[in-house]
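Heads up, the thing below is written out as structure tokens.
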Amino acid sequence: MPVAYSKVFALFMPFLLKTLESEMRCDPEEVRDAALKAIFDYLGRPETYDRDQSLLRSFLTLAARRNVLDSLRSTERRVIREKNFADVIELRARPPNEEMEAAVETALALKRLERRNMPQEDLGVLRLVLQGESSTLELARPLGKEGLPEPERKRVVKQNRDRLLKQLRRLGKEEDTHDES
């Protein structure tokens, strides 16, 4: 068997490389990989070749061409996926100066709320909301409501979150009116 394998490589590899490089006009490494895959596939399952339909050289060439095309399509799809991923990340990412401004505003808002003697549970929820937390379970923890059944927990968290955000908006409006006078 090893002698037969080496003969297949010796007979067909140079032909496949020359043919594919001239026909496919792609990277030589891609051509070599496609030719090797075609030969290995044939050697692994020789029953896929039907000598009544074509010459072995034609069979291997066709298989290698398909391998090159598959590789090119795969590379193209990967590039598109990576571009789409980069676009999504770029859209979601906030510029560093905006993140810094948001962090400063969050810290100032929390200090103003602490001065108003807001209950610790409410401050805990607001701190999480202002940090971008959206998990119902996490928001229920400062309220001591994490043990409630999920539907009830969602209702309680939403109710408290809405109430606190309303207070926060009012505080912002009050600060704006004080700044103008």
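See the values below:
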{"quantity": "Per-residue SASA entry for R57, accessible area with 1.4 Å probe, Å² rounded to 10", "calculated": "110"}
{"quantity": "30 Å Cα-Cα threshold exceeded, pairs from K18/K83; K145/K166; K83/K111; K111/K158", "calculated": "K18/K83; K83/K111"}
{"quantity": "Net dipole in debye of segment 2-84 [+1 Lys, Arg Cβ; -1 Asp, Glu Cβ; about Cα centre; nearest 20]", "calculated": "100"}
{"quantity": "Y42 accessible area, assembled protein chains, probe 1.4 Å, Å²", "calculated": "40"}
{"quantity": "Rounded to the nearest 10 Å², the accessible area of K166 at probe 1.4 Å", "calculated": "110"}
{"quantity": "Listed residues K7, K154 arranged by accessible area, highest first, probe 1.4 Å", "calculated": "K7, K154"}
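The values are calculated or read from the model by the stated rules, or taken from the named source; none is laboratory data. Just so we're clear, the structure is a prediction, and the values are computed from it rather than from any experiment. Virtual Cβ from ideal backbone geometry, glycine too; neighbours counted across all protein chains shown. Please note that ligands, DNA and RNA were not included when accessible areas were found on the heavy atoms of the full protein model with its side chains. Shrake-Rupley method; radii C 1.70, N 1.55, O 1.52, S 1.80 Å.
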